Amino acid sequence: MGRPDPEEGQLPAPVKPPDGGWGWIVLFGCFVITGFSYAFPKAVSVYFKELMKDFHVGYSDTAWISSIMLAMLYGTGPVCSIMVNQFGCRPVMLIGGLLASAGMILASFTTNIIELYLTAGVLTGLGMALNFQPSLIMLGTYFDKRRPLANGLAAAGSPVFLSSLSPLGQVLLEKFGWRGGFLIMGGLLLNCCTCGAVMRPLDMGMKRKMGKAQDKYEAKEMLPIGGKSEEGISTTDGTKKAKKGKKKPKKGKKLLDFSIFSNRGFIIYTISKFILVLGLFVPPILLVNYAKDTGVPDTEAAFLLSIIGFIDIFARPACGMVAGLKWVRPHVAYLFSFSMLFNGLTDICSARASNYTGLVIFCVFFGISYGMVGALQFEVLMAIVGSQKFSSAIGLVLLIEAFAVLIGPPSAGRLVDALKNYEVIFYLAGSEVVLSALFLAVASYCCLNRGKKKEPPPENNPSAGGGSDTEEAESDVQEAEEHSSDNHQPAHSTDNAVVAANEEANHVAEEQSGEGGGCPAGDREVLARDGCNADQTVERDSF
């Protein structure tokens, strides 16, 4: 099931992203996968009250189901990277869809909370992780010029599915109970397999082109062109062997490329994301309880999250369009830094909101800034490491973010219990987000931009590291494209050599008619200069 190179059994040849065509189908699949991955752990919370009654557990015990799902989504990033590099995106996504569905179906037959942790938490979380990461990799493969817009549209799946899965879960709970709801939710997750099936690898098109070129060449060789074709074929075989002898041995593709840690931009991005995640998810988690403590009714407090989701739906594609502009895209890291700064300042300025109007204003601005962060986070990573190393980069980034997810929200909850004051939590969360924004902007300017100005232009050294896999793959593409044209050129050169040798041999025969046959050494040098190989012996009786 590996993805071997057509000739060498190694790396697949890179193909230019189409920026459309089948890529729009891939984008829709990524939209669905992103929606399930981010919204499903939150939508499951609808069933928590019924689970508490049936299993006689507390709210914190049932909340671990969502926490385990998110931990699997982030923490299994390196495992997903290894599987994608080994087997490809489509098989991994198909397996992930089956695991996610099987986890929810098995959860409907559980009899205790531990079994729920293993089925709905571990199994379903692992399945969604095996879908989420490969879908982003395929999106970066199919889009280049329109990639910011594609990332924005795919990221919009999270708020869309969150606004639809939660009401659907409530309806299923009322009609079928939590067991029936889990069973139907498991059936819905089978759509992840459909999304995985449409993730067609781009190298299939390259293989078809190479096959057509090879068939065309073989058809030409089968034409009845006499004895000259045999000489042309033998010369072609010699040329092929010479090329294979000169070709450098390749190494197989790394399962997890740790060389990305030598990229300063990746290090800066990773540190910034870790600080960001510590405070990014805290306000929406505590918002409803904060509103209730200020005297807002329950229904109106729950509506605040709907406002954030509604604004988020439009903010992500709009930000993707802005990031795709020619004068903005080279500076997309600074736009990402601005979006984080906007989000952090929104948290800080809204910490003292004491009425419902102030909370609504907070939700509007938070939805805009949160959507901007969600639309740009993976676009910036793709721009830093490139599509060739993105599969390894995203796995390592998600693993590091998993620690921040497990530290940030739980710590905020403990501070609320200890201080009984939400204002301090909003200040702290906003400060963390602002710090991440400033670190990304300042570090990118000082370490990257100034470093580029001081560094001398790189020398063309074939033994230099960094991107060697890409260079070897590109050389394979050029060799494959020139294969069909190179193969019939030796036959042409052989025919020209035969004609030149014929004329020279006749000339020699006229001048040395009385001295016997053969071709003297001096004449052999003339033939070599005229294009005939000196190793070829020209005999008169052959003409």
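Just so it is clear, none of the values below were taken in a lab; they were calculated from the coordinates. Given the structure is predicted, the values throughout are model-derived calculations rather than measurements. So basically every Cβ, Gly included, is an ideal-geometry build from the backbone, and we count neighbours across all protein chains shown.
Local charge for THR270 was computed over the other residues whose Cβ lies under 13 Å away, with Lys and Arg +1 and Asp and Glu -1, and equals +1. The simple spin-label model puts a point 7 Å past each Cα toward its Cβ; for TRP22 and ASN421 those points are separated by 6.0 nm.
For each pair in LYS49/LYS273; LYS42/LYS326; LYS42/LYS145; LYS326/LYS389; LYS273/LYS389, compute the distance between the two Cα atoms and list the pairs where it is over 27 Å. The partial results should precede the final answer.
Working: LYS49/LYS273 34 Å; LYS42/LYS326 37 Å; LYS42/LYS145 33 Å; LYS326/LYS389 24 Å; LYS273/LYS389 18 Å.
Exceeds cut-off: LYS49/LYS273; LYS42/LYS326; LYS42/LYS145.
The stretch between VAL198 and SER164, if pulled fully straight at 0.36 nm per residue, gains 9.9 nm over its current Cα-Cα span. Computed over the stretch 258-451, the percent of Cα pairs more than 32 Å apart is 18. Rounded to the nearest 0.05, the FRET efficiency derived from the C-beta distance between SER306 and LEU255 at R0 = 30 Å is 0.10. Give me the distance between the Cα centres of the stretch 16-32 and the stretch 140-174, rounded to whole Å. The two parts, judged by their Cα centres, are 14 Å apart. For the stretch 318-408, the square roots a ≥ b ≥ c of the C-alpha gyration tensor eigenvalues yield an a/c of 1.5 or more together with a/b not exceeding b/c, which makes the shape oblate.
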